[in-house]
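A short write-up of the structure that comes next.
The values are calculated or read from the model by the stated rules, or taken from the named source; none is laboratory data. Since the model is a prediction, treat every value here as computed from it, not as a measurement. Here the Cβ positions follow ideal geometry from the backbone for every residue, glycine too, while neighbour counts run over all protein chains shown.
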Amino acid sequence: MDWDKLAQNILNAVGGAGNVKDITHCATRLRLTLFDNSKADLNKIESFNGVLGAIQQGGQTQIIIGNDVPLLYDKFITLYKQGGTIGSSKSQSATANGKQKLGARIMDIISGTFTPIIPALAGSGLLKALLVICEMLGWISKTSQTYQILNFVGDSVFYFLPILLASSMSVKLKTNRYISMVIGAMLLHPSFVQMVSVATKTGNPIKLFGLPVTATTYSSSVVPIMLAIWALSYVEPFVNKIMPKVLRTVFSPLVILLIMTPLTLVVLAPIGAWLGDGLAWLITWLNSYAGWLISFIIGALSPLLVMTGMHYALVSIGINNLAKVGWENVVGPGMLVSNIAQGGAALAVATKTKDEKLKALGFSTGLSAVLGITEPALYGVNLRYRRPLISAMIGGGLGGLFFGIMGIKRYAQGMPGLLTIPNYIGHNFNNLWFVLIGVGIAFISSFLIQLLWGLPEEEKPKEDKISEKEAVVIDAPLSGEVEQLSDVNDVVFSQGMLGNGAAIFPSDGKIYAPFDAKVRVFNEESKHAIGLKGSNNVELLIHCGLDTVNLKGEGFRAHIKQGDEVNKGDLLLEMDTELIREKGYDPITMILVTNQDKFPTVNLEASGKIVKLQKFLLAE
C-alpha cells in the first residue's frame, strides 16, 4: 500500500490542509475534524484503494482503514504539516458550517478522552487477570512481594485514573495539559485523602475559603475530573485573555489554580462523584432485577452504536463501574458477543462466496473481528451486504441474552475479543466457562444464519459482463513509438500507481478516441490529460507528457470538453510536441486502464511503431 499516495488523495478530498482543524485516529479510523464538512467528498474517499469506508458522525469525518491506520496517520500528519497548521485562519470563515451539535460534541469529547488511555487500561486489566490465573493454579502466593508489586501495578491505572483522564481530555479540549494533570493530582493528594478520612470519622467539615468541601474520595473516579477539565476549557482562555501578556506566563497558571481549586472541590467534583455513584448504583440495580436485558441489548445493537460513535459513552460507563465496584456488565459482555458474532457473519460470507476478492476480505476482516477489531468487518462486509449485519445482530443478541441470564461480569478492561477472555476470570472459573459458551452461541448462530441465508442476487458481487464474455481490445489513441510503462521516467506511471497500460512517444501529437466513450475528466486549463469512460466499461486515462500540467495549456489544442460523448476515431486533442520539448518537457503519452477492479490484467499487444486506432492493449 502506498500510504503517501493515499494520504495525499484523502487530504485533497477533504478540501486541503486549510480545511483540517484536528487530526486523530483510533484502532481503525482516521478521524478528521474539518472547518467545513461539506468540502469532504466521501464517495471519492471511499473509492481510494485501502479505504474501507468513510462517514461523518460526531462532528468528524471518519475514514475507515483497518489495523494499518497508524501507518496512514503518520504519513497524513507529515503531509499535513507541509500544507498548513492546525486551526489555520485560512478557513476560519468556514467554521460556522463545522460547528457540532451538543450531542455530537459530547460524544466527540468522550471518544477523544478515552481512546488514548485504552492501551493502559487493557494492559493493566490483562495483568490483573494473569495474576488471578497464576494464584488459582498455585504458581504464586498473594502474600509474596512479587504478587503484591504486580497487583499494585495493575491497580495503578485505576487509582490514578483522574490524572490520566485529565491528560487526554486536555489534549481534546486544548487546555494546558500540566495544569489539567495538577487538578487531577490534587484530588488524589495524600493530604487531601487524609483530611477526608478524618472528616468521615469525626464528622468535622472540611472548609476552603469558608466554603464546604465534600468529604469523599476521588481515586478511580471518572466524572469529577471530566467536569473539572470541561470547566477549565472555559476558565483558562478567559484568564489568558484578561491577563497582560507580560504577566501571563507566571500569573495565569496561579489565577487559574485559585479559581479551579474551589470550583472543583466545592462544586464540580462532588457533583461528579454523585453522578458516578448514581450510575454505578443504577447498573447494580439493573443487574439485580433485569440483568439479562443489558447484555442482550448491547449484544444486539453494538454495530449500530459503533456506527454512531455512541459506544464510547458506554466505555466510560464501564470504566466507571469497574473503578467503583470492581466489575461491569454494560460494555464488556455485550460487546464481546457482538464482536464475535460480526466475525462469524463475515466468515460465513467468505466461506460461501465464489468471489475471490470478497472471500479474502471476509476472512481477513472476520478474523480481525473475533479478536476485537470489528470496524473492517462491519464496514467492509456486513453493513455493505446488509444480511450479514442482521445475522450478526441476531447472533450477538442471542449470546448477550445467555450472558444476561447467567449474570456474566467482566473484571478488567480490554478490547472485547478472544484475546481478552481472561478478563472474565473472577474468584472462580464458572464465569469463564459460561463466557466460552456464550461466545460459542454468538459465533455459531451468526455463522449458520448467514451461511443459510446467503446474499441476495442483486447484492452479490458481480464480474463485469463484458469481462466475463471476452477481453476488451483498446486501440492506440495516437501514432508513434510504443514504450513499456516501466520505462517511463516517472514512478507514478512506471510503478502503475494510476493504473496499468503502456506509453507511446508521439509522432504527430494528435489524440483520437480509441472507442466510443464519455469524457469524464478533462481540465480545460491544463488540457494535458483526458479521462474516458467507454461503453465497454473501460475507464481510460490518456496523459500527454510528463509534468506538462505546468504548461497550463500552452502547446495543447482541445477539440472536446468534459461531459462530451465521443465516437471511436474522433479527434480529441492536439499537442505541439516540438514546443513541449523546447519548454523542457517530455511529450511521451501514457495510456492507462484505471478501473483495475474490473480489469486487473492489461496486456500490451503491440511493439515498435504503431498507427492510430491500431490494436494496442488487451484488458481483461
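Of the strands (runs of 3 or more DSSP E) that lie entirely inside region 553-602, those containing 1 or more residues that are among the β-branched types (Val, Ile, Thr) span 589-593. Among the residues making up region 501-552, those that are among the hydrophobic types (A, V, I, L, M, F, W, C), over 17 Å from residue 488 (Cα atoms) and part of a strand (DSSP E or B) are 511, 517, 519, 521, 522, 530, 532, 540.
The C-beta contact set for region 66-88 (first residue modelled with pLDDT of 70 or more, second residue part of a helix (DSSP H, G or I) and acidic (Asp, Glu), distance under 9 angstrom, 6+ apart or interchain) comprises 75/4; 78/4; 79/4.
Residue under question is residue 290, and the condition is that it be at pLDDT 75 or above and either buried (at least 24 other Cβ atoms within 10 Å of the Cβ) or more than 21 Å from residue 106 (Cβ to Cβ) (or both); does it hold?
Taking the combined requirement at face value, the residue does not satisfy it.
Taking region 169-182 as the range and being within 12 Å of residue 230 (Cα to Cα) and assigned to a helix (DSSP H, G or I) as the test, the residues that pass are 169, 170, 171, 172, 173, 180. Consider region 25-56 and keep the residues that are more than 16 Å from the chain's Cα centre (by Cα), of a type outside the set (S, T, N, Q) and surrounded by fewer than 21 Cβ atoms within 10 Å (Cβ to Cβ). The one that is nearest to residue 358 (Cα to Cα) is 44. In the set 2, 68, only one residue is of a type in the set (Asp, Glu) and either touching a Ser or Thr at 6+ places or on another chain (Cβ under 7 Å) or farther than 28 Å from residue 305 by Cβ (or both); that residue is 2.
Quick grid of which residues meet (1) closer than 22 Å to residue 423 by Cβ; (2) within 24 Å of the chain's Cα centre (by Cα); (3) surrounded by 19 or more Cβ atoms within 10 Å (Cβ to Cβ):
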| residue | (1), (2), (3) |
| --- | --- |
| 346 | no, yes, yes |
| 351 | no, no, no |
| 357 | no, yes, no |
| 360 | no, yes, no |
| 374 | yes, yes, yes |
| 377 | yes, yes, yes |
| 389 | no, yes, yes |
| 396 | yes, yes, yes |
| 399 | yes, no, yes |
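Residues are listed down the side, and each one gets a yes or a no for (1) more than 24 Å from the chain's Cα centre (by Cα); (2) of a type in the set (Phe, Trp, Tyr); (3) at pLDDT 90 or above:
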site: 99; (1), (2), (3): no, no, no
site: 108; (1), (2), (3): no, no, no
site: 120; (1), (2), (3): no, no, no
site: 140; (1), (2), (3): yes, no, no
site: 152; (1), (2), (3): yes, yes, no
site: 168; (1), (2), (3): no, no, no
site: 172; (1), (2), (3): no, no, no
site: 184; (1), (2), (3): yes, no, yes
site: 192; (1), (2), (3): yes, yes, yes
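Against the test of being assigned by TED's automatic domain parsing to the domain that holds residue 346, without any contact (Cβ under 8 Å) to a residue 60 or more places away in the chain and not in a loop (DSSP other than H, G, I, E, B), the options 431, 382 yield a single qualifying residue, 431.
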